[in-house]
Amino acid sequence: MSGAPATVRLTPRMALGHVRTAARLALKAAPGSLAGLVVLTVAGGLAPVVTAWLTGLVLDGLVGGMSGPALVWLTVALALAGIATVVLPRLSQYAESELGRRVRVIAADRLYTAMNHRLRGLARLEDPRFHDRIRLAQQAGSTAPGDLVNSATGIGKSTLTLAGFLVTLLLINPWLVLAVGVAAIPTVRAEVLLGRRRVGAMWRIGYAERRQYFYANLLSAPREAKEVRLFGLGAFFRDRMLTELRSANATNRALDRRELGVQTMLGVLGAAVAGGGLVWAIQAARSGQMTVGNVMVFVAAVAGVQGSLSAIVGQLGGAHRAMLMLDHYHVATTMESDLPVPASPAPVPALVAGIELRDVWFRYGPDRPWVLRGMNLTIPAGRTTALVGLNGAGKSTLVKLLCRLYDPVRGQVRWDGVDLRETDPAELRERIGTVFQDYVEYELSAAENIGLGDLTHLQDRDRIESAARHAGVHHVLASLPNGYDTMLTRMFLEGVDTEGPETGVLLSGGQGQRLALARALLRDERDLLILDEPSSGLDAEAEAEIHARLREHRAGRTSLLISHRLNTIREADQIAVLADGKITECGNHDQLIAENGAYSRLFALQAQGYVETAPR
Ligand SMILES: Nc1ncnc2c1ncn2[C@@H]1O[C@H](COP(=O)(O)OP(=O)(O)OP(=O)(O)O)[C@@H](O)[C@H]1O
């Protein structure tokens, strides 16, 4: 799924496919509204023609001295047609809105279900082209199917009006149909060209708009606010935002000017044809070839033909745009899974022997440097393995491979002998509990923040509290204004619907880290516990306390612990040093110290720092 969206070209086959998709979505979402819309479209399309004819008949009746019930009935019919002309567009608008609302729900459901099922790893999420595509697909899902249906009904309605008035003109004077038709050719051609330009401009403006929102967001987002203020970046980002805004404005202005010029010319041409026709009609009326009513019908018909033609062309442009957008939606909902999963995946049983990384090579893209270069490591079941390495050595990358967020480029990661490529990632992840280095603090309640670790326990307050106690964060959470129900956010109000809603709170960095730990500990019975820098934000006392608890918790379980603070991992059963994409040392603390290698050097360096600053 790649390629710049701007290069999308619609073939007739694709267009037909998108029309079918939109029609199916509309039929599924709101068959009643769709049927109503069709009826309203037919009625709305014919109403102006009927009104014009009735007006002509009434005028002729008056001039011809018609009176009595016939004139009354004609007048009543004319009044009803007038009411219909006013009411029908309102009803159509409601039916369109309702259809749009319902289609949006189904389209969003399909899109996000596809994303959940087809985006199992991370690689695609790190591709900027994918983000362009998915953003457009989200936009398309919410508006394009409805827009396409509306354009289709709009085209149908205008076509009916056009046909009605063409027949009218044909009955009055066939030559007039030819004159109006010839005058319409440049209009159609100009609208098609303008439509294409509009679509092209949409991509260019879209990019500028995305950058503009990005800068605008930097100016108001609480997460970035500290740095923006401290480094005085406000004016800098504002200027960049305005530059993007001006660039979008310049594109829009150029387009508007071109449209203004073309449409003014076409308007003058249309008016000339209509004026010529009117002169002819008045002459014909004067010489008795035409009635006053027919003159009126003629004027309405010329305006109706011109108006409906330009509406059809405009709506075709709208349909074209909607189809281009639906193309992104189609690609996003039918994309292949980013991690191949066999038709019958191998089961992931409880871990008995261990996990083996066999000659694993990995890089984040064909044009990126290798992070792991033929790495070999066994993580024995029931033991604690610690992973040590310098910044950027590839420790977190290894964690992602263990969770099958990526597949190795070469080599295998084996779970009790089963290559992870043979497994269903969802089943594998059910067996793993993880605290990532860049853990998430969700803008939800404290209890939910922990409960998300295992949705089956989301409502189980006892288990949630027990996990919080293990992670040493229970007292902090219990003493929040609403205890575990306090929202951990300053972005949303608690209970907006109630009177005097309260704002939530933010935890400190270390408290947040404990919360993430509690979330992982809720997945208590998992086979593999991965802790990537679980205590980097904790004070020394808390760190010692947490590690003592974790040691207890890990006893007899399989765990992988990553930490730069070597004192926290020295009791691991096995310590592996990762350097240059490989495991360069592996053994327990005493063995590695005796080896006098990189681990020993790092340990001595850290120990020295403490000794030198310790009070005598
Ligand atoms: N998503 C990514 N896309 C491209 N490169 C990445 C990505 N994530 C990490 N890298 C690169 O891979 C290398 C290893 O990163 P990784 O995060 O695994 O290191 P680490 O050992 O965990 O480092 P640290 O100790 O700083 O946490 C780094 O050079 C990093 O720039």
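Just a few scattered comments:
- The residues listed here are 261, 307; of these, the one that is at pLDDT below 85 and assigned to a helix (DSSP H, G or I) is 307.
- On the stretch given as region 64-113, residues that are in contact with a helix residue (DSSP H, G or I) (Cβ under 7 Å, 6 or more places away or on another chain) and among the basic types (Lys, Arg) total 3.
- Residues that are charged (D, E, K, R) and either over 26 Å from residue 207 (Cβ atoms) or within 16 Å of the ligand (Cβ to nearest atom) (or both) within region 101-156 comprise 101, 102, 109, 110, 120, 124, 126, 127, 129, listed in sequence order.
- Any chance residue 341 is within 14 Å of the ligand (Cβ to nearest atom) and modelled with pLDDT under 95: no
- Residue within region 126-139 that is under 30 Å from residue 277 (Cβ atoms) and polar (S, T, N, Q) present: no
- Per the conditions (1) over 30 Å from residue 427 (Cα atoms); (2) buried (at least 22 other Cβ atoms within 10 Å of the Cβ), the sole criterion not satisfied by residue 332 is (1).
- Among the candidates 46, 119, the residue that is touching an Asp or Glu at 6+ places or on another chain (Cβ under 8 Å) and among the hydrophobic types (A, V, I, L, M, F, W, C) is uniquely 119.
- Taking the listed residues 176, 166, the one that is modelled with pLDDT under 80, surrounded by 19 or more Cβ atoms within 10 Å (Cβ to Cβ) and part of a helix (DSSP H, G or I) is 176, with no other qualifying.
- Residue match in region 378-385 (condition: assigned by TED's automatic domain parsing to the domain that holds residue 477, crowded, with 21+ Cβ neighbours inside 10 Å, touching a residue at least 40 places away in the same chain (Cβ under 8 Å) and not in a loop (DSSP other than H, G, I, E, B)): no
- Candidate set: region 342-364, residues that are touching a residue at least 12 places away in the same chain (Cβ under 8 Å) and farther than 22 Å from residue 558 by Cβ; chosen: the one surrounded by the most Cβ atoms within 10 Å (Cβ to Cβ): 363
- Yes/no for residue 158 being surrounded by fewer than 14 Cβ atoms within 10 Å (Cβ to Cβ), assigned to a helix (DSSP H, G or I) and either over 14 Å from the mean Cα position of the chain (by Cα) or of a type in the set (Lys, Arg) (or both): no
- Of the residues making up region 571-590, those that are free of Cβ contacts under 8 Å to residues at least 40 places away in the same chain and in contact with an Asp or Glu (Cβ under 9 Å, 6 or more places away or on another chain) are 585, 587, 588, 589.
- Extreme residue, nearest to residue 561 (Cα to Cα), among residues of region 344-386 that are away from the ligand (no atom under 13 Å from the Cβ) and basic (Lys, Arg): 383
- A single member of 368, 358, 373, 321 is assigned to a loop (DSSP other than H, G, I, E, B) and of a type in the set (Lys, Arg), and it is 368.
- Of all residues making up region 432-468, the number that are modelled with pLDDT under 90 and over 20 Å from residue 529 (Cα atoms): 1
- Spans of helices (runs of 4 or more DSSP H) in region 387-502 with at least 2 residues more than 16 Å from the ligand (Cβ to nearest atom): 425-429, 446-451, 461-470, 474-478
- Positions within region 552-563 being at negative phi and in contact (Cβ under 8 Å) with a residue 40 or more places away in the chain, in sequence order: 553, 554, 557, 558, 559, 560, 561, 562, 563
- Listed conditions (1) away from the ligand (no atom under 15 Å from the Cβ); (2) modelled with pLDDT of 80 or more; (3) surrounded by 22 or more Cβ atoms within 10 Å (Cβ to Cβ) are all met by residue 577, apart from (1).
- Residue 99 modelled with pLDDT under 90 and assigned by TED's automatic domain parsing to the domain that holds residue 142: yes
The values are calculated or read from the model by the stated rules, or taken from the named source; none is laboratory data. Source: prediction; values computed, not measured. All Cβ positions, even for glycine, are placed from backbone atoms using ideal geometry, and neighbour counts span all protein chains on display.
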